[in-house]
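Below is one structure; the comments refer to it alone.
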Amino acid sequence: MPRFKLTIEYAGTRYSGWQIQTNARTVQGEIAQAVRVVTGRGPDEFYGSGRTDAGVHALAQVAHLGVATSLPPAAIRHRLNEELPSDIVILDVETVDHRFHARKSALGRAYLYQVARRRTAFAKPYVWWVRDPLDLDRVRLAAAHVTGLHDFRSFTDDDPEEKSTRVHLERVEVAEHGHLVLVRFIGSHFLWKMVRRLVGVFVEIGRGGLAPEAVDDLLRERSSLAARLTAPSSGLFLERVFYRGDPRDHPLRPALGG
């Protein structure tokens, strides 16, 4: 059976996340239904590189699809896009070796968060508007404290007794682009709500409500503070998934709403 690698762009605003759920509309569910229409059968195997939560977007989610079809990749992409709603787009389809696994073969991921420094009429679903002035030098100091291998149990609801909460953050980049503050996280993998809680803490530090060194305490001992500061899902994008041979360096630019 052929296996295909799908690169997918979607706006998560109308969906209850990536993964198929009972009685909820999800991105994976919409694509699986489109596959049934296009190929006449459901996917035999269909996995994403990772879950995105309700309201979270993707610039280049990756999934692998196993389905019996004689259609070439270009035709699969074209026909799936004809069936999918306008807020889900298949950017690319390519045939891959049966050993390729969208999640297990991934070597790293990049997430982008967009903070708006002004009220916006058009980009509300894609940013978090923060009214208070932000000191980005303080934010960068905080970002330096979380880079490297740390226990991020204060930044997730994952149970450390059942799942390791240690993550290697390769780097965190902070930049301004017009009225947007862009924060990019590149790491081996990410925990549930981790990026949104890091951003929430960074914003509180940028406002002056916390010292940059406060992240050290959150990394050292479990605390509920980061949960209380969780940033909204609207500003978060799964930007890229890295596989063997993929370059890690690319310009930090706005996703949408810039």
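Before moving on, here are some points about what is shown:
- Among L71, L107, L80: highest mean-square fluctuation, GNM of the chain, C-alpha pairs under 10 Å: L71
- Considering only G17, G66, G48, the mean-square fluctuation computed in a Gaussian network model of the chain, springs between alpha carbons under 10 angstrom, is largest for G66.
- Here, the range 3-96 has an Rg and a Dmax of 12.0, 35 Å when only alpha carbons are counted.
- The stretch between W192 and K124, if pulled fully straight at 0.36 nm per residue, gains 22.2 nm over its current Cα-Cα span.
- Across the range 63-74, computed HN-Hα scalar couplings (Karplus, 6.51 cos²θ - 1.76 cosθ + 1.60, θ = phi - 60°) run 9, 10, 10, x, 7, 6, 7, 9, 5, x, x, 4 Hz from first to last residue, x flagging Gly and Pro.
- Using R0 = 30 Å, the C-beta based FRET efficiency linking Q33 and M1 works out to 0.95.
- Spacing of the two label points (7 Å from each Cα toward its C-beta) at R171 and N81, in nm: 3.2 nm
- Proportion of all alpha-carbon pairs of the range 128-198 beyond 18 Å (%): 42 percent
- Spherically averaged projected area in nm², based on the convex hull that wraps the Cα atoms of the range 46-140: 8.9 nm²
- Taking the convex hull of the alpha carbon positions in the chain and averaging its projected area over all directions gives 14.2 nm².
- Here's how it looks for F152: its modeled amide H is under 5 Å from those of R166, V167, which are all 5 or more places away or on a different chain.
- Over the range 108-242, equivalent-ellipsoid semi-axes from the Cα gyration tensor in Å: 23, 17, 14
- Modelled FRET efficiency - R0 35 Å, L149 with T95, Cβ distances, 0.05 increments: 0.45
- Take every pair of alpha-carbon atoms less than 8 Å apart whose residues are at least six positions apart; their mean separation over the length of the chain yields a relative contact order of 23 percent.
- Gain upon complete extension [A227, R25; 0.36 nm per residue less C-alpha separation]: 70.1 nm
- Residue with peak Gaussian network fluctuation, the chain [Cα springs, cutoff 10 Å], from A63, A144, A226: A144
- Peptides 21-29, 182-190 ordered by average Cβ neighbours within 10 Å, highest first: 182-190, 21-29
Coordinate-derived values only; no laboratory data. Source: prediction; values computed, not measured. All Cβ positions, even for glycine, are placed from backbone atoms using ideal geometry, and neighbour counts span all protein chains on display.
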